[in-house]
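**Student:** Would you mind keeping the following structure in view while I ask a few things?
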Amino acid sequence: MKIGFIGLGVMGRPMALHLIAAGHDVFLHRVKPASQALVEAGGTALNSPAEVAAAAEVIILMLPDTPDVETVLFGTEGVAGALQPGALVIDMSSISPVATKQFAGKIEAAGHDWLDAPVSGGEAGAKTAALTIMAGGTPAAFARALPVMQILGKRITHIGPAGDGQTAKVCNQIIVGLTIQAVAEALTLAEWAGADPAKVREALLGGFADSTILKVHGERMIAKTFDPGFRIALHRKDIGLAVDAARALDLALPNTAMIHQLMSAAIGQGDGDLDHSALVRTLQSFSHSA
Ligand code: NAD
């Protein structure tokens, strides 16, 4: 298959590499020094989203935020104006469900297929092709995208029509964000109470408090290794989508609003580009100077 891949960051690089390794012709944008290895592995670097759209029948996006997706799709030299007839666009970025419905409408009105298919599982899941994928779109678009998604992920669920994949991802990010805060508070209490946080974490694994967050992010908090991973700035973007959705529905999500504030504090303190497990630093800064 001829597959375009736009957005070669922490997640996009390993994902594109799996597609190349699976034997597909992969057309890449933007190739920077960090993504040069993809060209060496057999991918083709192209100069614009439009060039990618002209070269490929399936176009995958893995971009930071809603405005980036809008620019790549509909901006100058964008994907939309250059798509092959009956192409399939799969947006795997985490962006606004509301904007997604508009983007999908425009792409589908031009005779193409659309799937929003954001992911969970982080950099590790991208590298091991074990991502959880939540999809929104028509059953036909889902069926068409499935063989490609199976190269990238393990648990792949068709939630419903366009936008529903992004709604599921927002739900995921609420749970991840609040669980990170819970683990940060628990391990901080352990440390200040004089109990070894590493031993506390170890003791809790396998009990009701166990979670991927306790395992993975708890370990990062204890080791104080905050290389992204998933940047706090990107997680605040997702929590902002949750806050916006709740406001639009006149729905109170008090702890979601609170974690949004704590993420803003982290970003204000200069930690926006650290992994989201660094929220433990923000928490601790409220009680003790570093
Ligand atoms: P990232 O910032 O590392 O990568 C984004 C890439 O997109 C960068 O390489 C950037 O140069 C590129 N880009 C931006 N605008 C572009 C444009 N106009 N044309 C071409 N390339 C452009 O982000 P990431 O961590 O890889 O995340 C990507 C998406 O996946 C985000 O929506 C994020 O929320 C989501 N996500 C990330 C993780 C994670 O753990 N990192 C996990 C799940 C979902």
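The values are calculated or read from the model by the stated rules, or taken from the named source; none is laboratory data. These numbers come from a predicted model, not from an experiment. Note: ideal-geometry Cβ built from the backbone for every residue, glycine included; neighbour counts use all protein chains shown. Surface areas here come from the heavy atoms of the whole protein model, side chains and all, with no ligands, DNA or RNA. Shrake-Rupley method; radii C 1.70, N 1.55, O 1.52, S 1.80 Å.
**Student:** Using +1 on the beta carbon of Lys and Arg, -1 on that of Asp and Glu, and nothing else charged, what's the dipole of the chain about the Cα centre, debye to 20?
**Tutor:** 280 debye
**Student:** So what J values fall out for the range 124-129 if you push phi through Karplus, 6.51 cos²θ - 1.76 cosθ + 1.60 with θ = phi - 60°, rounded to Hz, Gly and Pro as x?
**Tutor:** 5, x, 5, 5, 9, 6
**Student:** Then there's this: Relative to the first principal axis of the alpha-carbon coordinates of the chain, what is the inclination of helix 164-193, with its axis defined by its Cα atoms, in degrees from 0 to 90 and to the nearest 10?
**Tutor:** 20 degrees
**Student:** Same structure again: Return the aspartates and glutamates within reach of LYS215: Cα separation strictly under 14 angstrom, same-chain partners fewer than 8 residues apart disregarded; answer none if there are no such residues.
**Tutor:** Within the straight-line limit of under 14 Å, LYS215 reaches these aspartates and glutamates: GLU202.
**Student:** Can you give me the relative contact order of the range 82-138 as a percent, contacts being Cα pairs under 8 Å and 6 or more apart?
**Tutor:** 35 percent
**Student:** Let me ask you something else. Show the residues, 5+ positions off or on another chain, whose built amide H is closer than 5 Å to the amide H of VAL89.
**Tutor:** Long-range HN contacts for VAL89: ILE59, ASP113, TRP114, LEU115.
**Student:** Can you give the charge dipole size of the range 167-285 about its Cα centre, rounded to the nearest 20 debye, using +1 on the beta carbon of Lys and Arg and -1 on the beta carbon of Asp and Glu?
**Tutor:** 120 debye
**Student:** Using square roots of five times the C-alpha gyration tensor eigenvalues, list the equivalent-ellipsoid semi-axes of the chain in whole Å, biggest first.
**Tutor:** Taking √(5λ) for each Cα gyration eigenvalue gives 35, 20, 17 Å.
**Student:** While we're on this one: For the range 272-287, in order, what is each residue's ³J(HN,Hα) by Karplus, 6.51 cos²θ - 1.76 cosθ + 1.60 with θ = phi - 60°, in whole Hz (x at glycine and Pro)?
**Tutor:** Rounded to whole hertz, the list is x, 9, 7, 4, 5, 5, 5, 4, 4, 5, 4, 4, 5, 5, 6, 9.
**Student:** A further question on this structure: If you stretched the chain out fully between ASP244 and LYS2, how much longer would it get, using 0.36 nm times the residue separation minus the C-alpha to C-alpha distance?
**Tutor:** 83.4 nm
**Student:** Once all Cα-Cα distances of the range 139-191 are split into 5 Å bins that start at 0, what whole-number percent is in each one?
**Tutor:** Binned Cα distances yield the sequence 4, 16, 16, 18, 13, 9, 9, 7, 5, 2, 0.
**Student:** Right, here's the next one. Expressed as a whole percentage, what fraction of the accessible surface of the range 2-160 belongs to carbon and sulfur atoms when a 1.4 Å probe is rolled over the protein heavy atoms?
**Tutor:** Carbon and sulfur atoms account for 55 percent of the accessible area of the range 2-160.
**Student:** Could you provide, to the nearest whole Å², the per residue accessible area of the chain with probe 1.4 Å?
**Tutor:** 45 Å²
**Student:** Using 1/(1 + (r/R0)^6) with R0 = 22 angstrom and r between the beta carbons of ASP273 and ILE175, what's the FRET efficiency to the nearest 0.05?
**Tutor:** Here the calculated transfer efficiency is 0.45.
**Student:** Restricting to DSSP loop positions (anything but H, G, I, E, B) with no more than 11 other Cβ atoms inside 10 Å of their own Cβ, which trypsin sites (Lys or Arg not before Pro) remain in the range 174-270?
**Tutor:** Of the trypsin sites (Lys or Arg not before Pro), the ones in loops of the range 174-270 whose Cβ has at most 11 other Cβ atoms within 10 Å are LYS224.
**Student:** Remind me, relative contact order of the chain in percent, using alpha carbon pairs under 8 angstrom and six or more residues apart?
**Tutor:** 13 percent
**Student:** For the range 128-171 and the range 243-266, what is the separation of their Cα centres, given in Å?
**Tutor:** The range 128-171 and the range 243-266 have Cα centres separated by 25 Å.
**Student:** Rounded, prolate or oblate for the range 60-169? Axes are the square roots of the Cα gyration tensor eigenvalues, ordered a ≥ b ≥ c, and the cut-off for rounded is a/c under 1.5.
**Tutor:** Prolate is the answer for the range 60-169, as a/c is 1.5 or above and a/b outweighs b/c.
**Student:** How far apart, in nanometres, would the label points at LEU146 and THR128 be if each is projected 7 angstrom from Cα along the Cα-to-Cβ direction?
**Tutor:** 2.5 nm
**Student:** Follow-up question, since we're still on this one. Say the cut-off is 24 Å between C-alpha atoms; which of LYS32/LYS224; LYS127/LYS169; LYS127/LYS154 go over it?
**Tutor:** LYS32/LYS224
**Student:** Using the eigenvalues of the Cα gyration tensor, what equivalent ellipsoid semi-axes result for the range 164-290 when each is taken as the square root of five times the eigenvalue, whole Å, largest first?
**Tutor:** 25, 17, 13
**Student:** Which chymotrypsin sites (Phe, Trp or Tyr not before Pro) from the range 203-290 combine a DSSP loop assignment with at most 13 other Cβ atoms within 10 Å?
**Tutor:** When the chymotrypsin sites (Phe, Trp or Tyr not before Pro) of the range 203-290 are filtered for loop state and at most 13 Cβ neighbours within 10 Å, PHE208 remain.
**Student:** Another one. Using only the Cα atoms of the range 1-117, build the gyration tensor, take square roots of its eigenvalues as a ≥ b ≥ c, and label the shape rounded, prolate or oblate: rounded if a/c is under 1.5, else prolate if a/b is larger than b/c, else oblate.
**Tutor:** Taking the square roots of the gyration eigenvalues as a ≥ b ≥ c, the range 1-117 is prolate.
**Student:** Could you compute the FRET efficiency for GLU202 and ASN47, with r as their C-beta to C-beta distance and R0 at 45 Å, rounded to 0.05?
**Tutor:** Calculated value: 0.35.
**Student:** Could you give me the ³J(HN,Hα) list for the range 50-60, computed from phi with Karplus coefficients 6.51, -1.76, 1.60 and θ = phi - 60°, whole Hz, x at Gly and Pro?
**Tutor:** 4, 4, 5, 4, 5, 8, 10, 8, 10, 10, 9
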